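The structure under discussion appears below in the form of structure tokens.
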Amino acid sequence: MGLVYHLEAADSSHLERSLVKKALHLYNFAYELLLNEEERLFESSLFRKRLLMAILNNMAHLNHELMCYESSSRCFSQLSVLAVEIGSCCSMALIVEECQSFLLNAMVMKPPIRAPAA
């Protein structure tokens with residue numbers, strides 16, 4: 001459901017903050033559920049980690065859109081830790097490329113630099 005609100009917000013002519021907040025809330029809920037679920041419920045811990053990475057990536061972007069740069073940075077930091085974990089245990093080119101894309105997002109999405117007031 002979070003993805004639906006996320007796409008709806010992205011599709012609107014102006015970013016609707018209410019939709020972004022709903023999407024962020026649902027992503028956060030999904031993240032907490034996944035984090036607290038035992039790994040035995042998943043086919044593999046790799047699948048679970050990749051899902052967590054996707055959720056963290058989306059949460060980081062939405063926090064950035066809401067100008068919650070500290071929260072965005074925290075999400076990207078957690079995402080980076082997962083990407084390194086996955087990269088160190090997986091040699092599948094597609095998954096490694098996916099991790100690299102998420103890490104690139106983490107480097108690109110920085111708070112804007114504001115000029116000092118005149």
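The values are calculated or read from the model by the stated rules, or taken from the named source; none is laboratory data. Just so we're clear, the structure is a prediction, and the values are computed from it rather than from any experiment. Note: accessible area is taken over every heavy atom of the protein model, side chains too, but ligands, DNA and RNA are not part of it. Shrake-Rupley method; radii C 1.70, N 1.55, O 1.52, S 1.80 Å.
Remarks
- The residues of region 12-57 that are at pLDDT below 70 and not polar (S, T, N, Q), listed by number, are His14, Leu15, Glu38, Glu39, Arg40, Leu41, Phe42, Glu43.
- Any chance Asn63 is open to solvent by less than 50 Å² (accessible area, probe 1.4 Å), at pLDDT 85 or above and among the polar types (S, T, N, Q): yes
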